Amino acid sequence: MVYSLRIVLTHEHADAVLGLDDIRVVQPHSPTNDIDPTAIYLTQYVMDSRLYKIEGYFPSKLSIAKRICSGFMMSIAMLDDVYFKLREGQEVRRVAQLDWRIIEDDYDKPFVASGLKFVPLPVMHGEDYICLDFLFGEKSKVAYISDVSRFPSNTEYVISKSGSGQLDLLILDCLYKKGSHNVHLCLPQVCSKFFQKLGCPEKKT
C-alpha cells in the first residue's frame, strides 16, 4: 500500500515550520501549482499564531500569493515580504501546496493520518508554552517527544506502562549532556527522573 506524504506539526517555532515551503521538492512538479496539496496536521493555536502567521507564509492557493525568495535562509523580519498578492502581469511562482487540517491538543482526541492513529501528547516547553507531541503505533508503540521541559501528569500517565502500556521506542528531546535548561530537558533530568517514571531502570555508567 502506498501512502501520500503527511506532516504533523508539534508547534509553530521556527525549527518546526520554516522548512515547509521546501516540501515542494517532494511534491509532483507543476510550474502552475496544479497539484494535490500535502496534508499538514496542526492545532488551531498554531494556525492562529501571529508569531509566524503560518497560513500567510505558506498559502494553500497560489492565486492569492507568490514566493519571491528561495534557496537561502531568511530572517524572521524578512518573512512578511516573502508572500504577497499577485498583481496583473506578474508571473506565477512554484510554492508548496499545503492542506491545513486542525487537530485537538487532547490525548482523548486522536486523529488518523495515512492510516496511522496519532494520540496527541501535550507537554510543557517552558512553563509558559505547550508543545504537542505524539504517541503512535498499534503493534509497536512509539512516543515522539520534541521540545519538552516538563510532562503534565496526564501526559506522563498516557505514555507510562499503566497508561498505554510499555513503549517500544521513545524519541525524547534532550538538549545538553550536563546541566539544565529552562525550556528543554537535559540528560541528567532524563536519566534520574523520567526513565524511572516510565518504569525503565536507570542505567549506571
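Read the figures in this text as sums done on the coordinates, not as results from a lab. This structure is a prediction, so every number in the text was calculated from the model and none was measured. With ideal geometry, Cβ positions are generated from the backbone for all residues, glycine too; neighbour counts draw on all protein chains shown.
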Exercise for the section: Would you mind working out the magnitude of the charge dipole of the range 10-53 relative to its Cα centre, with +1 at each Lys and Arg C-beta and -1 at each Asp and Glu C-beta, to the nearest 20 Debye? Expected result: 100
Exercise for the section: Would you work out the charge dipole size for the range 106-197 about its Cα centre, treating the Cβ of every Lys and Arg as +1 and the Cβ of every Asp and Glu as -1, and quote it to the nearest 20 debye? Expected result: 360
Practice task
Among PHE134, PHE111, rank each residue by its count of other Cβ atoms within 10 Å, from fewest to most, as a rough exposure measure.
Solution key: PHE111, PHE134
Fill in the blank from the handout: For the pair ALA39 and LYS177, the simple spin-label estimate (label points 7 Å beyond Cα toward Cβ) gives in nm 4.2
Completion exercise
Label model pair ASP168, ARG101: point-to-point distance (7 angstrom along the Cα→beta-carbon line) in nm is 2.2
Practice task
Identify the GluC sites (Glu not before Pro) of the range 126-187 meeting these criteria: DSSP loop state and at most 10 other C-beta atoms within 10 Å of the C-beta.
Solution key: GLU127, GLU138
Practice task
Just subtract the alpha-carbon distance of GLU138 and SER153 from 0.36 nm times their residue separation and send over the number in nm, one decimal.
Solution key: 3.1 nm
